[in-house]
């Protein structure tokens with residue numbers, strides 16, 4: 001089975017690398033890390049991920065900007081984006097299972113690995129209202 | 001001073017005409033002195049003629065005053081220092097109690113002038129020497145006494161208003177400081193939360209990474225990973241609690257039946273209660289008026305209070321003797337009798353005495369809270385639970401939420417000394 005390609009966009013280097021390490025440890029994922037949000041779009045074009053894990057608060061372009069760039073790209077607009085952020089608590093967004101009922105998928109940091117896995121496996125493109 | 005008198009007299013003549021005759025109570029046992037006084041009053045230019053009531057003794061004066069029913073019975077009292085049943089300062093004190101706002105003028109003989117002066121110091125308005133009394137002196141003394149008393153009453157009233165205004169100002173200042181504190185705490189909390197959650201997320205990934213290799217780690221390694229996991233969870237809970245506490249959230253208020261919210265909240269903690277030896281006993285009044293609440297936030301408050309109660313009973317030996325701990329949840333309508341002044345909730349919409357409220361009471365039968373700790377339980381980060389088991393933010397957040405609802409939260413030990421009663425009062429909306 002082809003490994004699922006996951007792009008992690010997060011300026012926190014240790015966190016991004018830890019995610020890569022643990023995801024690849026399962027043997028089911030190929031992970032690319034981009035810690036510079038300005039380069040996120042071009043990295044995504046090259047890597048062609050199946051899922052993108054996107055931080056919100058980043059220097060340069062924030063998660064919202066990167067998300068908008070991705071949506072405008074004809075090859076990337078159909079790639080599911082999961083926002084992984086320290087801005088909210090899971091309980092606040094009603095995302096205790098890591099999955100939003102509609103709209104943007106969002107996960108609160110710190111995230112348990114099983115929730116992250118579940119989110120990646122069930123990831124789908126955000127519905128635009 | 002004398003030259004001012006005619007002006008004052010004129011002014012009072014006009015005023016008196018509008019208000020009716022001056023009412024004078026004269027405590028004088030000597031017939032001769034009283035007749036003289038009456039003559040002087042007749043010669044004085046009071047218009048209309050004053051109403052002069054004589055009492056020969058203090059007990060007669062009491063009867064007259066009480067017969068007139070109330071303190072505002074006379075405009076001035078003329079008091080002889082030596083009555084058959086009362087003398088000097090004693091007479092003054094008795095009259096002050098009976099008619100606290102009525103001016104008293106002392107009638108003194110030559111022999112007791114010193115005493116008369118002392119009584120002015122004690123609160124009498126003036127003293128008149130009987131031997132040199134005349135119509136003009138009497139008129140002036142009475143008018144000044146009435147006037148001075150009126151000024152004093154006005155001054156006292158103004159003083160009261162000033163005190164109230166100062167108090168309100170202080171309260172407003174406290175609120176402002178509190179708001180500023182909360183605002184900066186909010187910003188600080190949000191910043192800290194973001195900065196701390198990122199490293200926590202890395203630690204979380206690490207713990208999960210090692211957890212996947214539990215077999216390789218051996219028993220010690222597994223325990224260590226489990227402790228690290230607990231530490232991350234705890235730190236995250238504290239951070240979330242801090243953000244929660246500092247956030248001055250907008251409430252989305254809706255008219256709700258509080259009993260329904262209680263049912264939902266109890267449902268949400270049912271599985272946690274089942275693990276303990278605690279039984280829930282509900283006594284919810286039917287047909288309660290609705291309350292304007294943010295359901296989610298109010299559920300949070302009730303869950304917090306109920307979990308505190310459950311913990312108080314399961315941790316403190318209620319289970320030890322095999323008996324069930326009973327968590328009593330009751331609701332009832334009430335009329336507020338008295339509210340403690342609380343800077344946090346001073347607001348136009350806050351609950352006041354005689355308001356109709358809906359009360360939620362949550363009672364445990366645990367060991368209670370030591371009195372010295374009771375007044376600190378709403379302080380952020382103050383906890384009576386063992387380290388690691390409480391963030392010390394639960395009750396602070398709950399109180400904040402109730403305050404935002406303009407409600408009142410009280411936590412006290414039960415009168416019988418067995419357990420704690422937490423009470424939430426919300427204004428009825430019907």
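Side notes on the structure shown:
- Average Cα contact separation per residue, the range A:4-121, under 8 Å, 6 or more apart, as relative contact order %: 21 percent
- Note on the range A:13-69 and the range B:34-59: Cα centroid distance 102 Å, given to the nearest whole angstrom.
- Amide N proximity, the range B:277-310 versus residue B:356 label position 7 Å along Cα-to-Cβ, cut-off under 12 Å: B:288-291
- For B:407-415, mean number of other protein chain Cβ atoms within 10 Å: 0
- Distance histogram for the range B:2-160 (every C-alpha pair counted, 10 angstrom bins, percent rounded to whole numbers): 10, 42, 38, 9, 0
- At an R0 of 41 angstrom, the distance between the Cβ atoms of residue A:5 and residue B:271 translates into a FRET efficiency of 0.55.
- Each Cα pair under 8 Å and six or more residues apart adds its sequence gap; the mean of these over the residue count of the range B:2-160 is a relative contact order of 22 percent.
- Kirkwood Rh, Cα atoms: Rg over Rh of the range B:44-128: 0.96
- The range B:255-269-the range B:90-145 distance, computed between alpha-carbon centres (Å): 69 Å
- Residues of the range B:117-131 with amide N under 20 Å of a point placed 7 Å along Cα→Cβ from residue B:93: B:117-126
- Highest to lowest packing among A:31-44, B:55-68, B:149-162, scored as the average C-beta count within 10 Å: A:31-44, B:55-68, B:149-162
- Over the range B:142-283, the alpha carbon radius of gyration divided by the compact-protein estimate 2.2 N^0.38 Å works out to 2.01.
- Order of A:105, B:307 under a 10 Å beta carbon neighbour criterion, fewest first: B:307, A:105
- Pairwise Cα inverse-distance average, inverted: Kirkwood Rh of the range A:1-87 (Å): 12.8 Å
- Compactness of the range B:229-300 was expressed as the Cα radius of gyration divided by 2.2 N^0.38 Å, which yields 1.42.
- Mean-position separation - Cα centroids, the range B:361-379 and the range B:190-221, in angstrom: 36 Å
- Here r is the Cβ-Cβ distance between residue A:68 and residue B:260 and R0 is 60 Å; the resulting FRET efficiency, rounded to 0.05, is 0.90.
Each value in this text was obtained by applying a stated rule to the coordinates, not by laboratory testing. Predicted model only: the values in this text are computed from it and were never measured. Using ideal geometry, Cβ is built from the backbone for each residue, glycine included, and neighbour counts are taken over all protein chains shown.
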